[in-house]
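This is the structure, below, for whatever I ask next.
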Amino acid sequence: PRDIFRMEFDVHTSMAYFQLGDYDNAAKFALKARESKPDHLYPYLLQAASYAHMDALEAARDVMSKILRLEPEYSLALAEERCVFASPAERLRFVDGLRKAGLPAYYPGFSGS
């Protein structure tokens, strides 16, 4: 319970399950990572995208509301820019999950310039 790397293990395990398309386990490990470090954004993103791909849209949107409270200016544009998945197909699937979960294309107040 005091392992300082527990969150890292859980988030990377979540990412591995996401890559395998095992969204249920991806969401479970993302939740464990959130519990270890509730202010870290990536577990929330993984959980929201996983729920969205499981068609658990209410749960995905609930997690998305937490994401936007943590990072009010987070957007699909930033998710694409900062995505940790190297494979273009995995990046697209991750960002698509966030889109389904309700992440806005641009943050509120974005002027486009």
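The values are calculated or read from the model by the stated rules, or taken from the named source; none is laboratory data. Source: prediction; values computed, not measured. Please note: Cβ atoms are built from the backbone with ideal geometry, for glycine as well, and neighbour counts cover all protein chains shown. Keep in mind that these areas ignore ligands, DNA and RNA; they rest on the heavy atoms of the full protein, side chains included. Shrake-Rupley method; radii C 1.70, N 1.55, O 1.52, S 1.80 Å.
Which pairs do you get when a residue that is at pLDDT 90 or above, found in the stretch 1-25, comes within reach of a residue that is open to solvent by 80 Å² or more (accessible area, probe 1.4 Å) and in a helix (DSSP H, G or I), reach meaning Cβ atoms under 6 angstrom, with the pair 6+ apart or on two chains?
Listed pairs, sorted by first residue: 10/32.
If the requirement is being crowded, with 16+ Cβ neighbours inside 10 Å and under 14 Å from residue 15 (Cβ atoms), which of these qualifies: 46, 103, 68?
Being crowded, with 16+ Cβ neighbours inside 10 Å and under 14 Å from residue 15 (Cβ atoms) holds for just one of 46, 103, 68, which is 46.
Determine whether the stretch 72-93 contains at least one residue that is surrounded by 15 or more Cβ atoms within 10 Å (Cβ to Cβ), among the charged types (D, E, K, R) and touching a Cys at 6+ places or on another chain (Cβ under 7 Å).
Among the residues of the stretch 72-93, at least one is surrounded by 15 or more Cβ atoms within 10 Å (Cβ to Cβ), among the charged types (D, E, K, R) and touching a Cys at 6+ places or on another chain (Cβ under 7 Å), which makes the answer yes.
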